[in-house]
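See below for the structure under consideration.
The values are calculated or read from the model by the stated rules, or taken from the named source; none is laboratory data. It should be emphasised that the depicted structure is a prediction, and the values quoted were computed from it without experimental measurement. Because the Cβ atoms are built from the backbone with ideal geometry, glycine has one as well, and the counts that use them run over all protein chains shown.
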Number of protein chains: 2
Amino acid sequence: MDALANRIRESLLALLLEHGDSYVSGEEISQRVNCSRTAIWKHIEELRKEGYQIEARPRSGYRLVYRPDRVAPEEIKPELHTRRFGKEIRYWRQVASTQPLAHEWAREGAAEGSLVITEEQTQGRGRLGRIWHSPPYSGIWMSLVLRPAIPLTQAPQLTLMASVAVTRALRRVTGLDIRIKWPNDLLIDGKKICGILTELRGEQDQVQYVVLGMGINVNVTPDFWPEELKGKGTSLAIAGGRTYRRVELITAILKELEGIYEGFLTHGFEPIRILWEEYAAMLGTTIRAHTPHGEVTGEAIGLDPTGALILRQGDTKIPIFSSDIDV
Amino acid sequence: MDALANRIRESLLALLLEHGDSYVSGEEISQRVNCSRTAIWKHIEELRKEGYQIEARPRSGYRLVYRPDRVAPEEIKPELHTRRFGKEIRYWRQVASTQPLAHEWAREGAAEGSLVITEEQTQGRGRLGRIWHSPPYSGIWMSLVLRPAIPLTQAPQLTLMASVAVTRALRRVTGLDIRIKWPNDLLIDGKKICGILTELRGEQDQVQYVVLGMGINVNVTPDFWPEELKGKGTSLAIAGGRTYRRVELITAILKELEGIYEGFLTHGFEPIRILWEEYAAMLGTTIRAHTPHGEVTGEAIGLDPTGALILRQGDTKIPIFSSDIDV
């Protein structure tokens, strides 16, 4: 769909929403959206195909009866209160994975905050190439392009930064007790509801761009997961006993991420480190990590100033990097 | 050209070279190369189009009279004595830049040591997106895919590793006094003959793959450079007063790189650091660097254990990262 059609559809939908239960005339739509009544009719037909129920009554006009839970730009943008994050969106009903699409867009010059989002991934991936199950219309499967002017050495802090921001946004909207499991998972009651995957392109010792991938189980139902994953994963809906509108979560996440990210660029990692420890799932517990120098077991006590996890063995403190652990 | 045609051409050329000034019969070629005399004739025609002069005499056979200086796989492979580097080659007469082609190949799964090489780049690039002039048939314009299992923090050491290896190979073949200018240039008499560009893809804190780009002015003539670059760049031919066979340099570089790289993976950065300081152009001189905390001027005294350049200001030693300097 081209940019003009997108804008018309966004305005049309906004106008229908604004009128709530009352009808809005074809005449008024035509004037406000600034296109012909025939064109309006075509866009209404397109929206119906996407699952919107729009009632048409002679001499009264149109009325929105049912709005499907979609994560299309025309749903996200009216509720988005960010400066840059999510201002440019590429949306698909189904893709293999949003990560390579975001990489491609970044190589083409995508602005910071550009977002790739889809209703369904057929080959979603987690850390170390593991499969991430991403069923249709029931989760948030998205990738955000960032262009931080930071050295490569600081890049792993972005995963921790994103964990904090997503945790805060999901807590605010759902009220659920969401916790961070180092390095890149969010949990409820010890079960996974979100994975964050940070990939990047670098030149010499600088970051060129980052693709921040997020997979969030929103309204995924228990019967969805294959047998071997049952008991390991959960969703906001399972934990909260209700479904959630994904667009509300997405706009909350983008808003929170933008603020936390800008704070990170200005004030560095220290404020993130403090927030991270507040939400951490694993502090005080015993962790086993596979390091290049052998297996290390110790009590997780916090993050060091660079973002490494500190394991305590008696009086010794050992920093662990995410590549070292095999969860 | 497909893989079979490549192999035939490689065998054919090897056979002609083996016979030196004497003729080799079509019959013998056909048997040794294992294809029909008609096919042989077609391959001879193709080679002639590439600039090879091959004399054909009735009842005597074929004889190689002139061999153009090309960097095609059939020229490189017979002289290559590596285990993995350069075993897979993608070759073009002209490309915009070898770097994006190597990235694409790496994303498709290119093995470690896969090489993209070309006779001419129309949009060659250096550090920070600067133009790198890459005229036809007169330089080495190539990109090597590496897959080191190292954390992102160590990635900048690969540029220093490559500088050392290329310096050693070029010194051995040419006998010229080649020096390293931190972070990524090689010089003769203070003028640039080679630039090295390390780009990478990372996931969380690990390197997924590296593309090591090298641009080397071999037989480039002084009139080639635009006016503003005259006096800044030079070539091996200008410095040595003779031309060099590029294939000899390429195979020497790949061999040296493979050895130094494997040493780096096994023994770490320390041996590289020592060699680097031996070849450094700038130690003992005053350097000005632009850091995030302001401009720093000091005497370059060496590399720290991570590969940062150490500037001395009185009793203070300040580590400088390549992103900090604006040469």
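Below is a table of values for the structure above.
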quantity	calculated
Cβ-Cβ under 7 Å pairs, at least 6 apart or on other chains, the range B:95-107 side in contact (Cβ under 8 Å) with a residue 12 or more places away in the chain and in the same structural domain as B:Gln123 (by TED's automatic domain parsing), far side assigned to a helix (DSSP H, G or I) and not polar (S, T, N, Q)	B:Val95/B:Leu101
Unique match (being farther than 14 Å from B:Met142 by Cβ and either touching a residue at least 60 places away in the same chain (Cβ under 8 Å) or hydrophobic (A, V, I, L, M, F, W, C) (or both)) among B:Leu80, B:Leu64, B:Leu115	B:Leu64
Restricting the range B:261-276 to residues that are of a type outside the set (A, V, I, L, M, F, W, C) and in contact (Cβ under 8 Å) with a residue 24 or more places away in the chain, the residue that is nearest to B:Ala300 (Cα to Cα)	B:Arg273
Residue among B:Leu158, B:Leu212, B:Leu200 that is modelled with pLDDT of 95 or more, in contact with a Lys or Arg (Cβ under 8 Å, 6 or more places away or on another chain) and under 30 Å from A:Asn184 (Cβ atoms)	B:Leu200
Filtered residues of the range B:74-92 (kept if within 16 Å of the chain's Cα centre (by Cα) and part of a loop (DSSP other than H, G, I, E, B))	B:Leu80, B:His81, B:Thr82, B:Arg84, B:Phe85, B:Gly86, B:Lys87, B:Glu88
Positions within the range A:112-169 being among the small types (Gly, Ala, Ser) and either surrounded by fewer than 20 Cβ atoms within 10 Å (Cβ to Cβ) or within 14 Å of chain B (Cβ to nearest Cβ) (or both), in sequence order	A:Gly126, A:Gly129, A:Ser143, A:Ala149, A:Ala155, A:Ala162, A:Ser163
Hits in the range A:288-303 (condition: under 22 Å from B:Gln154 (Cα atoms) and at pLDDT 90 or above)	A:Leu303
Only listed residue being touching a strand residue (DSSP E or B) at 6+ places or on another chain (Cβ under 9 Å) and either within 14 Å of another protein chain (Cβ to nearest Cβ) or surrounded by 14 or more Cβ atoms within 10 Å (Cβ to Cβ) (or both), chosen from A:Val296, A:Val247	A:Val296
Lone unmet requirement of (1) modelled with pLDDT of 95 or more; (2) within 14 Å of chain B (Cβ to nearest Cβ) for A:Val173	(2)
Residue list for the range A:33-73, restricted to those being among the hydroxyl-bearing types (Ser, Thr, Tyr) and not in a strand (DSSP E or B)	A:Ser36, A:Thr38, A:Tyr52, A:Ser60
Selection from the range A:96-109 of residues that are more than 16 Å from B:Pro100 (Cβ to Cβ) and more than 16 Å from the chain's Cα centre (by Cα)	A:Ala96
Every residue from the range B:179-193 that is away from chain A (no Cβ under 11 Å) and either closer than 19 Å to B:Leu144 by Cβ or without any contact (Cβ under 8 Å) to a residue 40 or more places away in the chain (or both)	B:Ile180, B:Asp185, B:Leu186, B:Ile193
Condition met for A:Gly240 (within 14 Å of another protein chain (Cβ to nearest Cβ), in contact with a Leu (Cβ under 7 Å, 6 or more places away or on another chain), surrounded by fewer than 24 Cβ atoms within 10 Å (Cβ to Cβ) and small (Gly, Ala, Ser))	no
Residue within the range A:101-109 that is assigned to a helix (DSSP H, G or I), of a type in the set (Phe, Trp, Tyr) and either surrounded by fewer than 24 Cβ atoms within 10 Å (Cβ to Cβ) or within 14 Å of chain B (Cβ to nearest Cβ) (or both) present	yes
Meets criteria (over 22 Å from A:Ile76 (Cβ atoms), modelled with pLDDT of 95 or more and in the same structural domain as A:Val210 (by TED's automatic domain parsing)) for A:Ile188	yes
For A:Ile196: the one exception among (1) crowded, with 23+ Cβ neighbours inside 10 Å; (2) out of contact with any strand residue (DSSP E or B) (no Cβ under 6 Å at 6 or more places or on another chain); (3) within 11 Å of chain B (Cβ to nearest Cβ); (4) among the β-branched types (Val, Ile, Thr)	(2)
Residue ID - surrounded by the most Cβ atoms within 10 Å (Cβ to Cβ), chosen from residues in the range A:200-216 that are out of contact with any Ser or Thr (no Cβ under 9 Å at 6 or more places or on another chain) and facing another protein chain (nearest Cβ under 7 Å)	A:Leu200
Members of the range B:170-183 found to be more than 16 Å from B:Thr234 (Cβ to Cβ) and surrounded by fewer than 23 Cβ atoms within 10 Å (Cβ to Cβ), listed by number	B:Arg172, B:Val173
Filtered residues of the range B:110-134 (kept if touching a Lys or Arg at 6+ places or on another chain (Cβ under 8 Å), in a strand (DSSP E or B) and farther than 21 Å from B:Tyr261 by Cα)	B:Thr118, B:Ile131
Answer residue from the range B:304-327, given it is crowded, with 21+ Cβ neighbours inside 10 Å, modelled with pLDDT of 90 or more and within 26 Å of the chain's Cα centre (by Cα) and is nearest to the other protein chains (Cβ to nearest Cβ) among those	B:Gly307
In the range A:15-41, the residues that are surrounded by 15 or more Cβ atoms within 10 Å (Cβ to Cβ) and more than 19 Å from A:Arg59 (Cβ to Cβ)	A:Val33, A:Cys35, A:Ala39
